[in-house]
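First up is the structure itself, then whatever we jot down about it.
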Amino acid sequence: MHIERVDTRVVDVSLPTPIGTAIHSITSVGCVLVDVRTSDGAVGQGYCFTINGERIDAFEAMVRGLADAHVVGRGATETSGMWAAAWSALNPTGHKGVTIGAMSALDVACWDAVGKNLDMPLHRLWGSCRVTIPTYASSGLWLTQSIDELVEEAQSFVDRGFRAMKIRLGSPKPVDDVARVQAVREAIGPDIALHADANQKFDPKTAIRLGRLLEPFDLVWFEEPVVTHDRVGSADVRAALDVPIATGETEYTRYGIRDLVEARAADLLMPDLQRMGGYSEFRVAAAYAATHDIAISTHIFTEHSLALAGAVPGCVSVEHMDWFAPLFVEELELTQHGHLAIPDRPGAGFTFDDARIASMGC
Ligand code: SMN
Ligand code: MG
């Protein structure tokens, strides 16, 4: 069984309403969809994206270049060989950004093809450890919302069956962040878990001050308190506060995760499937985290992260982000106790909804 062809499509998926964090203004996600076609007939699928589709054509060109050079013609089960060859070829260009995003889409698609050819869910192929995983509602509680809107949305998450959610921080004045967190905590009560994400907004001193002010609200974690490159600053915030520091979504590959661990910058790591470079490299990073007894929680890419969550014992939660749901035929399944079901379908367990994607202008 070998890979006969790799096809790409570019599609822009609009968000229902524009949203904002401390560093993002988002109206859509532009995606490169990748179909890896094998000689046995299975089609493996993966994707990478940019916010608002900015510079997405560069990602498509990178996918096509890597596919022609390192994927087409290769045995479909040679995921490690594909990854190693592409990694080596990318040395002069670099191992962050467009290169790794393109590798991720190809690697996920190749693994999906392997699982589909074997008629086996990927988490079982890798060694299953669970059938559901805790999740938290993350498509909401944005910085652009009023306190009334936050309260209403928090309540609606609880009504939908979520047992956890995430609010964004980064108001111009820390007291405003405190008021927003307080309002949500009062709306959801003490039994619903609340995470908070600063999207790198603060300098370490401000983060520490805000972290202390937020102590009464029993946060699960304080995410990306400082700029991602300031690992020492993140370690300082971590040492000063009792609340766990979660970070890692902006880091690339095993080496970004290693640097955070070596700096003692994180209580919990949040690898992102695209920035890790796909399933192969994510599993390396997860193993590295495990050797340091640091838990992980997957960053966005909800559908495709479930296979990993089903096979990585140290994964404690999967972020529930609904941005990419319109791409897929299958839907995420929220189970009792606010968990997500790990799909027991072949491969990654999700397939592109071709008709719907075509109607998006692709
Ligand atoms: C986030 C990620 C990607 C885009 C906007 C916001 C946020 C999260 O940091 O962790 O969900
Ligand atoms: Mg975040």
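Each value in this text was obtained by applying a stated rule to the coordinates, not by laboratory testing. Every value quoted in this text rests on a predicted model; they were computed, and no experiment measured them. Virtual Cβ from ideal backbone geometry, glycine too; neighbours counted across all protein chains shown.
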Check: Which parts of region 276-318 would a label at Arg74 reach, counting a residue when its backbone N lies under 13 Å from a point 7 Å out along Cα-to-Cβ?
Finding: 278-281
Margin query: How far apart, in nanometres, would the label points at His229 and Arg55 be if each is projected 7 angstrom from Cα along the Cα-to-Cβ direction?
Written below: 1.4 nm
Item checked: Taking the C-alpha atoms of region 283-333, convex hull volume expressed per residue in Å³ -> 75 Å³
Note to self: Please compute the length gained on full extension between Arg258 and Arg356, using 0.36 nm multiplied by the number of residues separating them and subtracting their Cα-Cα distance.
What the structure shows: 31.3 nm
Next item on the list: Please give the residues of region 85-128, grouped as numeric ranges, whose backbone N is less than 18 Å from a label point set 7 Å along the Cα-to-Cβ vector of Thr335.
Entry: 121-128
Check: From the backbone phi of region 70-76, what are the Karplus-calculated ³J(HN,Hα) couplings (6.51 cos²θ - 1.76 cosθ + 1.60, θ = phi - 60°) in whole Hz, Gly and Pro given as x?
Finding: 10, 10, 4, x, 7, x, 5
Next item on the list: May I ask for the Kirkwood hydrodynamic radius of region 3-119, worked out over all distinct Cα pairs and given in angstroms to one decimal?
Entry: 14.7 Å
Check: Helix 279-291 versus the longest principal axis of the chain: what angle, 0 to 90°, nearest 10, using Cα atoms?
Finding: 50 degrees
Next item on the list: Name the residues whose placed amide hydrogens come within less than 5 Å of the amide hydrogen of Leu340, ignoring near sequence neighbours (fewer than 5 apart) on the same chain.
Entry: Ile133, Thr135, Thr335
Next item on the list: Just give me a number: lysine pairs in the chain, eight or more positions apart or cross-chain, with C-alpha atoms less than 23 Å apart.
Entry: 5
Note to self: Using only Cα atoms and rounding to the nearest 10 degrees, what angle (0 to 90) does helix 174-188 make with the longest principal axis of the chain?
What the structure shows: 80 degrees
Checklist line | Between helix 56-66 and the chain: long-axis angle, C-alpha atoms, 0 to 90°, nearest 10 | finding: 40 degrees
Check: Given the C-alpha centroids of region 228-307 and region 23-48, what is the distance between them in whole angstrom?
Finding: 23 Å
Check: Put a dot 7 Å past each Cα toward the Cβ at Asn91 and Arg212; how far apart are the dots in nm?
Finding: 5.0 nm
Next item on the list: Over the chain, consider all pairs of different Cα atoms and compute the Kirkwood hydrodynamic radius from their mean reciprocal separation; express it in Å, one decimal.
Entry: 20.7 Å
